[in-house]
Every structure is written in structure tokens, then in C-alpha cells.
Amino acid sequence: MQIVSFFLSKIKSFVVDTISHKSGNGKEMQYKIAFISDRLVEFQDFLKRNLNGEYRMDLYEHIEAIRKSIQMIYYDLFIIDLKDEWLTVPPWLLEQANHQYYFQFIFISDFPLPQTLNKKLGEKIYQVMSFGDAKISLSDVFREVQKVVEKRQYRDFKLPSRVRWRPDRLVGNHEEIKRVNEFVEIISKASYTPCLIRGETGTGKDLVSYIIHSNGVKQPGPFIIKNCEFATANELMADIFGLMAENGSSASSRKGLIEQAAGGTLVLKNIERLPAEVQHKLLLYLDSHIIKPVGSEKPKRVDARIIAQTRFDLEKFVKNGSFNPELYFHLKSFEIYLPPLRERRRDIPLLVRYFIQYFSFQYAKKIPAISPMAMNVLKDYYWPGNVEELREVIEHAILTQSGPEINLKNLPDYFNDSRNIPEDVDLLGNCSLKEIERVHIERVLAKMKGNKSKAADFLQISRTTLREKLKNYGLDK
């Protein structure tokens, strides 16, 4: 192990800070390569063969790449080794994709890559290799891509059959979420077809609206959101359909949101709050794509998608006469229902992993693990704020976490209420004896509100012993 550490220290010392370099024979180096991996030691044979002074090769761990904002260095080739599945993408890589100069990527991954990479990088992805294949043939692919970069030519790119792109979609394996993703893919292809998205607060209605908008066949136009709550009928008429001043003054006239969203999408939140006359005019627009601004008799054709959002079952509003039945059935033909998080609890661990990665990338922190105790508390919580609440909880945890994992103490204070701690957590078969002891101590501390004396009494050990165990398990911070 000492030999490996020495080797890594030597190859990482090869990292240089200047953009232009010269080799031993005085020729300027042509290639600048970034190799990003958390397991560089696994590629020592490749590195020994290729760290030969003919080009610059900078070696980074993933967290170094994030912190150093390496998109400011103009590399010809990125080799990115993904040890764990990427559920989200680091901001630096998305920024790198916006550069217009010529560069290529080799990805090493045993997992599907996010579709965001495919959309952003496109033909700049030269190869996707499994870890096993990379151990054997990375040098061959490396030599191939050098020739391509030298000639500045793209080659035909095909994914291996075992690696499939995942389209932009909601994160989750629940059957209802799978159906939502399938329907969103279908509705996205119909450029201006309206739809209704129903679900509790925090279930992702805005996100689904944007996915439908951005996944369209055509290059999407503007994406505009209008909240229909707490606005009068006259205000909504002018805001949505536009206003033409009586004297024709352009200073007093304004375009409506439908016209502003031409070629794109207008989202109407809380559609159940639309007054009757606005509902009727919206129905006319959906039938004809013709609008007349308030105060004008001149019709205008505008093509924009209308997405309606609601927390309620609109059929009840139809039955009590407060919602136009024709408009309801027009929208209901393309309805998307987003279930609350408490009805899809098996997705919570996946969502937790996603948000841990996302906020670790955002705040340039090493991706932590999460303790079994903290995960069980999250899985058992009622989640009145749904996925949006979970997102905020994980952001809080990432910001307050300082050790190798997220513990119960990193969750907001209301999770330390003993009523939120499951009494029947089944850990046997999934944890070592030491892990079970650590989880039990963490649980008792939470019940005792962090009082170590009470916790020691409950555990029937001395306070000194408890302090030692807390230190050994990293719970003494």
C-alpha cells in the first residue's frame, strides 16, 4: 500500500499549472488531458505508460475537479471515471459543455449516464466504457482519441448495448412515477397539446411542466409560470390575453402571457381559481389558438402550450358549478397525477441519494454516506411537503455535515422528536454488530435530546464508556 501511495504522489506531482508546456525535445505539447477518478490507483498501468512528457495530463479526484472549477482550463480530452452512479451532474461539467472549442470525453462507468450529458455533450462523447473494459483497453481508446483530436474530426458514436441513456425524468421506481415518465415522454412530442398536472404541494408539478417543455421536438420557446390565485378576473384577463389601450397607445398596451410564450409554454398554477369568464376565454383559445387582447377586436394566432396545475380533483369543482366542464374535459384528456411521497416510500432512498449527490456537487463537498438510523427516520416520516421538503432536508444535512456520513443530528430539529424515530427498525442481516450498537446509541441519544448522562443511564454504561463509544463511532461532534 505504501508503494501505491508513493506512486500516486509521484504521478499527481506531474500536475502543472501553466497552459502551455514543452516536451524534452523542445516541441510544444499538443494535448491537455484531465483524468478525473476517485480510484486512480486502479489505473496505474495506464498512467505509467502514458505519463511520458508528450502531453499534459492533470490528475484529479472528483472533489478536486469540482472545487478547482476546471472548466476554466481548456483541455482537449477528459477521462472521467464514475465509481458510483451519477443521478445528477456536477455544475462544472455542465458549464464545460458550453465551451465552443473542440474537446472530447471518455466516460468509464458501469451505470447509465444521465441524459443531461447526452444532450449537453452530444458528439463530444467519444466513448463510454465499463470499468472492466477500461482496465484492459483504455490505452487503445486513448491512442484512438488522440488521432481524432489531432485531425479535429468527430467519429460515429454508438453506445455499448449494456449502457443505455436515461431520458430527463422524475427520479423514482414507483409504478406511478414510471407511468408519469412514460406519459411525459409522449406529451412532450406533441408541441402545443395542453395538459393538466395534479398533485399535492411539493410533488414536482413545476418540474414536470419544465420537462415537458424542454423535451419537446422543437427548440422550446419561453417558459412562463402564472399563479392564478389571489388575482381578479380583470387582472387575469389582461395578464393572460393582453391589453390594448383605448387610444391605441403602445405605452398603455401590453402583450399577454400567451403571446409572450409563443413557441413555448405557459403554466397556469391553481387553475381551479380561474374566474368563469377567464375559463371561457381560455377554452376558446385551446380550441382555436386565437386570442383577442382585452380592448381589441383584432384576432391573433399564437401557438403556445398551456399546462394547467392544481392540488385538487377538478371534478368536484365541475360538480359544484365553479369550473367549466368543457375546459375540464379538454384538460383531463391529458392529465398527469403526481402521487405524494408517503405513497411512494420505496423511492425515498433513491431520492435521498440523488439529493446528496446534487448538493454535494453544488457545495463542492465530498459525497457522504448516510447512517442507517437517519435513513430509517427519513423513510418513516410523513412528508407533508413531499419531495420539495425532502430536498430542503437533504440540503440542510449537507450544509451541517462534517464527518464521513449524515447522521440524525444533521437533520432539522423536528426529526429529533422521538415520535419520528421508528421503534421496529430491522437491522439484523444488514449491519455488523458494531453498526447495530452505533445505531442504537444514536437512537437513544436522540430520544434523550442529546443528554449524555440520561443516555448512559438508559444504556446501563458509564458516562466515560459512552464518551469513548461516541468518539469511536464519530458521534461526538
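None of the figures in this text is laboratory data; all of them are computed from the coordinates on show. If you're wondering where the values come from, they're calculated on a predicted model, not measured in any experiment. Quick reminder, even Gly has a Cβ in these numbers, built from the backbone with ideal geometry, and neighbours come from all protein chains shown.
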In region 30-63, the trypsin sites (Lys or Arg not before Pro) that fall in loop regions by DSSP, at most 12 other Cβ within 10 Å | ARG39
What order do you get for HIS174, HIS289, HIS62 when you list them from fewest to most C-beta neighbours inside 10 Å?
-> HIS289, HIS174, HIS62
How would you rank ASP45, ASP239, going from fewest to most other Cβ atoms within 10 Å of each one's own Cβ?
-> ASP45, ASP239
Quickly work out the LYS83-to-ASP457 label distance, labels modelled 7 Å from Cα along the C-beta direction, and quote it in nm with one decimal.
-> 4.4
Fewest first, what order do VAL41, VAL318, VAL393, VAL208 take by the number of other Cβ atoms within 10 Å?
-> VAL41, VAL318, VAL393, VAL208
When the charge dipole of region 268-353 is computed with +1 at the Cβ of Lys and Arg and -1 at the Cβ of Asp and Glu, the Cα pointing farthest to the positive end, of PRO349, SER288, THR310, is that of PRO349
Within region 96-145, DSSP-loop chymotrypsin sites (Phe, Trp or Tyr not before Pro) with at most 15 other C-beta atoms within 10 Å are TYR101, TYR102
Counting pairs of alpha carbon atoms under 8 Å apart in space and at least six apart in sequence, what relative contact order in percent does region 342-472 give?
-> 21
For the residue pair TYR101 and TYR337, what label-to-label distance in nm results when each label sits 7 Å from Cα along the Cα-to-beta-carbon direction?
-> 5.4
Net dipole in debye of region 251-357 [+1 Lys, Arg Cβ; -1 Asp, Glu Cβ; about Cα centre; nearest 20] | 380
For region 342-472, with +1 on Lys and Arg beta carbons and -1 on Asp and Glu, the positive-most of LEU433, PRO384, TYR363 along the dipole | LEU433
Given Cα pairs under 8 Å that are at least 6 residues apart, what percent is the relative contact order of region 175-339?
-> 34
Using alpha-carbon pairs under 8 Å, 6+ residues apart, how would you state the relative contact order of region 71-123 in percent?
-> 49
To the nearest 0.05, what FRET efficiency results for GLU326 and ALA245 with a Förster distance of 35 Å applied to their C-beta separation?
-> 0.65
Round to the nearest 0.05 the FRET efficiency obtained for ASP287 and LYS447 when R0 = 51 Å and r is the Cβ-Cβ distance.
-> 0.25
Given the pairs LYS178/LYS332; LYS365/LYS447; LYS205/LYS300, which span a C-alpha to C-alpha distance of over 24 angstrom in this model?
-> LYS365/LYS447; LYS205/LYS300
In debye to the nearest 20, the charge dipole size for region 342-472, taken about the Cα centre with +1 at each Lys and Arg Cβ and -1 at each Asp and Glu Cβ, equals 440
Are any of the pairs LYS48/LYS119; LYS269/LYS316; LYS226/LYS292; LYS124/LYS269 more than 28 Å apart by Cα-Cα distance, and if so, which?
-> LYS48/LYS119; LYS124/LYS269
Among DSSP beta bridges lying fully in region 175-339, give the percent that are antiparallel, nearest 5.
-> 15
DSSP-assigned coil residues among trypsin sites (Lys or Arg not before Pro) in region 304-364, each with at most 16 further Cβ atoms within 10 Å | ARG311
Enumerate the aspartates and glutamates that LYS471 could reach by cross-link, defined here as Cα to Cα under 17 Å, with residues fewer than 8 away along the same chain left out.
-> GLU405, GLU435, GLU437, GLU442
Mind checking which of PHE415, LEU466, LEU445 is farthest towards the positive end of region 342-472's charge dipole, using Cβ charges of +1 (Lys, Arg) and -1 (Asp, Glu) about the Cα centre?
-> LEU466
For region 342-472, report the convex hull volume of the alpha-carbon atoms normalised per residue, in Å³, without decimals.
-> 113
